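Trainee: Here's a structure for you.
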Amino acid sequence: MAVETDVAAPPGLALADTDINWDRLDKMRFHIIGAVLFTAQSTLLHPAAVVKTRIQVAGSGMSQTRGTVVFKNILRNDGIPGVYRGFGTSAVGSLPGRVLALTSLEVSKDMTLKYMERFDMPEATRVGVANGVAGMLSNLVSCVYYVPLDVICQRLMVQGLPGTASCNGPFDVVRKVMKVEGVRGIYRGFGLTALTQSPASALWWGAYGAAQHIIWRSLGYKDEMEKPSHAEMATVQATAGLLAGACSSIITTPVDTVKTRLQVMDNFSGGRPSVLNTAKTLLKEDGWWGFYRGFGPRFLSMSLYGTTMIVTYELIKRLSLKQD
């Protein structure tokens, strides 16, 4: 009877390839493939970032305008180059930062998982916590590199808008900001970014890790025998990424709006730019809804980013497995 029960039971499916750890990766291949695929992804999503940034920074006229209208206006006035302002700087400048971010993410996740083996807790919780810790630490490390790059790229995106200085390329941005404010100007918004985006990153990665694990288990997948197909893996990972990205956009948009204005606006009517000053100005202009300027494009961008990023990222890891 026991044998018949075993035969009748549905076969389990291995999940080892859905969560590939750092030790199993060919590091050189991982970073090369990652650079290519993430650059391609950024090419698709950059226009949404430009639209979002312009809505957040511009005066009340554009702040009340739908993202599609802003997009059409940019195309009409500046053509395709308009919706790709700052892309070259972002794409090239992101390469070293991406190596730093991905390495710190994978190493810290691997270390956290090994450390948490001593605790008795549900596997979904263990995976979620490990992913969350890794996301937070990776964000803290990468902020040192990405905040200056973010300042430069966003200033290029909003060229010509009221309250912004005109700059001729990324090096001119650095020169003008350094001349007026020194290194502090290049790191505008660093504290706000580190203190808010790191927990947000922890939330995103934690939610993604836990959601993916729960989805696999709810579908009856186990850790042995056959593994899921690439299509099945992509579908589950995309669903988990979509949910994580959508939730994150709702929580982080107000902070992102303040950070963006703080980083790019130069006309503050006297006084040093600050988080409090920026938030007061935004509240005075549009009330509490002003903190959700650009929510539509940001929601779309983060949902698409969450989906495409994680599918791309997991594909990179599968393509970078060490050859046996």
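Trainee: Assuming ARG54 fulfils every condition listed in (1) modelled with pLDDT of 85 or more; (2) crowded, with 19+ Cβ neighbours inside 10 Å; (3) not hydroxyl-bearing (Ser, Thr, Tyr) apart from one, which condition is it?
Mentor: Every condition holds for ARG54 apart from (1).
Trainee: Can I ask one more? What single numbered condition from (1) part of a loop (DSSP other than H, G, I, E, B); (2) modelled with pLDDT of 85 or more fails to hold for SER142?
Mentor: Of (1) part of a loop (DSSP other than H, G, I, E, B); (2) modelled with pLDDT of 85 or more, only one is false for SER142: (1).
Trainee: If we keep just the residues of region 123-163 that are surrounded by fewer than 19 Cβ atoms within 10 Å (Cβ to Cβ) and under 18 Å from the mean Cα position of the chain (by Cα), which is farthest from GLY93 (Cα to Cα)? Can you show your working first?
Mentor: Step one: of region 123-163, the residues surrounded by fewer than 19 Cβ atoms within 10 Å (Cβ to Cβ) are 123-125, 140-141, 144-145, 159-163.
This time we only want the ones that are under 18 Å from the mean Cα position of the chain (by Cα), so: 140-141, 144-145.
Working: LEU140: 18, VAL141: 16, VAL144: 13, TYR145: 9 Å.
My answer is LEU140.
Trainee: Step by step: first the residues of region 179-220, then only those that are closer than 20 Å to CYS153 by Cα and more than 22 Å from the chain's Cα centre (by Cα), then the one that is surrounded by the most Cβ atoms within 10 Å (Cβ to Cβ). Which residue is that?
Mentor: Per the criteria, the residue is GLY185.
The values are calculated or read from the model by the stated rules, or taken from the named source; none is laboratory data. Since the model is a prediction, treat every value here as computed from it, not as a measurement. We place every Cβ from the backbone using ideal geometry, glycine too, and count neighbours over all the protein chains shown.
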